[in-house]
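Data first, discussion second: the structure below is written as structure tokens.
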Amino acid sequence: MRKRKTSAWRSAAAICALLLTAAGCGSGNDDDKGGHAPDKLGKGEGKVNIIAWAGYAEDGSNDPKVDWVHPFEKKTGCQVNTKTAGTSDEMVSLMKTGQYDTVSASGDATLRLIASGDAAPVNTKLVPNYKDIFPALKQQPFNSKDGRMYGIPHGRGANLLMYRTDKVTSAPDSWRAVFDDAARYDGHVTAYDSPIYIADAALYLMHAKPSLGIKNPYALDQKQLDAAVALLKKQHKAVGEYWSDYQKEITAFKGGDSVIGTSWQVIANLTQAEKAPVKAVLPKEGATGWSDTWMVSAKAEHPNCAYKWLDWIVSPKVNAQVAEYFGEAPSNRKACAETAAPDHCAIFHADDEKYFQRVHFWTTPIKQCLDGRKDTDCTDYAQWTRAWTEVKG
């Protein structure tokens, strides 16, 4: 029997070190040390072991009307065994066991999986639906290396600024509202509970204090990290609650314990459905965000079924089903014609590349500066993790 968690949402994981190279396994002509992409696929092995976020591999056990796993099994003959993970850290740890074939990794996990050699490059020619993936999701720092894709994009979204319209009377258009002006809402500010949230502070400082020289919110030298941490400590005094469980944030905004803070579009939609007077905006500075990628294990025992799953999960109809159930923008441009709600893609800005150009997708910070600097070391996730503990101190 497949075991599932009822609430398993992403939070940033543990420690990330420098990009390393590690021997992988596989077949094909690819020389990458982290694994090999196959040249062709063979007959399905009869099963596939998946690690997924809650809502990404639904088989009808949570809602009989929500099931794209059994149709896949019927079509391919590949039985799906799903392990629902609650954090990126858990996903990384599970992938290291070699017991799983594919994982729906967020950007704060993908680089670690590539660096450790636990994820193999993907031959996108063997995933027919890849051709219809929005171009802006391909060859990104969080899902590729040296010009090769290490997975198939699944969906994306932005971390928005949400506020109660009855408590925040002057509509905010800047992250300043939760940083430099946080004291105005003392005890009622909320923030995402994760070291990766440091990037939100860094993004604000990119615009508020350009003299710091921040060009990429995930590429911070020690001085820049110190500035972001100082800002977060200032904010901490006004924070009533940090959140990682979306249900808790809905409850907090509905009850008025939280009146302003970072959120997701799906949370805004659900909170509004609960009749709470909230609105979510993309501030003028832009925002951080997330883009999930289906990656294949370098040790996959069932690579053929894994590739079949990758193609299935981003096929137009299924990608539309997942996007609507989970609450995100689909990755396949053709999925927009398949959604039950005709305005789903408009609500989630699926085909609005100008919108997503303002979104800095989660990427694991490493010592090798992601902004291209060669004359200094940047701070890595281990340092961010210690800094976040200090912020919440």
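The values are calculated or read from the model by the stated rules, or taken from the named source; none is laboratory data. Here the structure is a predicted model, which is why all the values come from computation and not from measurement. A quick note on method: Cβ atoms are made from the backbone with ideal geometry, for glycine too, and the neighbour counts reach across all protein chains shown. In case anyone asks, the SASA skips ligands and DNA or RNA and just uses the protein heavy atoms, side chains included. Shrake-Rupley method; radii C 1.70, N 1.55, O 1.52, S 1.80 Å.
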- Of the residues in segment 173-190, those that are open to solvent by 20 Å² or more (accessible area, probe 1.4 Å), closer than 16 Å to GLY286 by Cα and in contact (Cβ under 8 Å) with a residue 40 or more places away in the chain come to ASP173
- Item | Residue in segment 305-339 that is least open to solvent (accessible area, probe 1.4 Å), counting only those that are part of a helix (DSSP H, G or I) and hydroxyl-bearing (Ser, Thr, Tyr) | TYR307
- Query: Quick one: is ASP193 open to solvent by less than 40 Å² (accessible area, probe 1.4 Å) and closer than 18 Å to ARG386 by Cβ?
  - Reply: no
- What about PRO342, is it in a loop (DSSP other than H, G, I, E, B) and free of Cβ contacts under 8 Å to residues at least 12 places away in the same chain? yes
- Result of the Cβ filter at 7 Å on segment 202-221, keeping first residues that are in contact (Cβ under 8 Å) with a residue 40 or more places away in the chain and partners that are hydroxyl-bearing (Ser, Thr, Tyr), at least 6 apart or interchain, is LEU203/THR288; PRO217/THR288; TYR218/THR363; LEU220/THR379; ASP221/THR376; ASP221/THR379
- Message: Looking at TYR307, TYR325, can you tell me which residue is at pLDDT below 95 and of a type outside the set (D, E, K, R)?
- Response: TYR325
- Task: Scan segment 60-79 for residues that are in a helix (DSSP H, G or I), open to solvent by less than 80 Å² (accessible area, probe 1.4 Å) and charged (D, E, K, R) and jot them down.
- Result: GLU73
- Can you run down the residue pairs with Cβ atoms below 6 Å, 6 or more apart or on separate chains, where the first is in segment 376-393 and aromatic (Phe, Trp, Tyr) and the partner is part of a helix (DSSP H, G or I) and surrounded by 19 or more Cβ atoms within 10 Å (Cβ to Cβ)? TRP384/PRO195; TRP384/ILE198; TRP388/PRO195
- Do we find a residue being of a type outside the set (Ser, Thr, Tyr), at pLDDT 95 or above and over 22 Å from SER331 (Cβ atoms) anywhere in segment 99-114? yes
- Out of segment 29-55, which residues are assigned to a loop (DSSP other than H, G, I, E, B), modelled with pLDDT of 90 or more and closer than 15 Å to ASP101 by Cα? ALA37, PRO38, LEU41, GLY44, GLU45, GLY46
- Query: How many residues does segment 232-270 contain that are more than 21 Å from the chain's Cα centre (by Cα) and either surrounded by 19 or more Cβ atoms within 10 Å (Cβ to Cβ) or touching a residue at least 12 places away in the same chain (Cβ under 8 Å) (or both)?
  - Reply: 18
- Message: If I go through segment 286-304 residue by residue, how many of them are in a loop (DSSP other than H, G, I, E, B) and surrounded by 19 or more Cβ atoms within 10 Å (Cβ to Cβ)?
- Response: 5
- Item | Answer from ARG156, ARG164, ARG112 - the residue that is in contact with a Ser or Thr (Cβ under 9 Å, 6 or more places away or on another chain), surrounded by fewer than 24 Cβ atoms within 10 Å (Cβ to Cβ), in contact (Cβ under 8 Å) with a residue 60 or more places away in the chain and charged (D, E, K, R) | ARG164
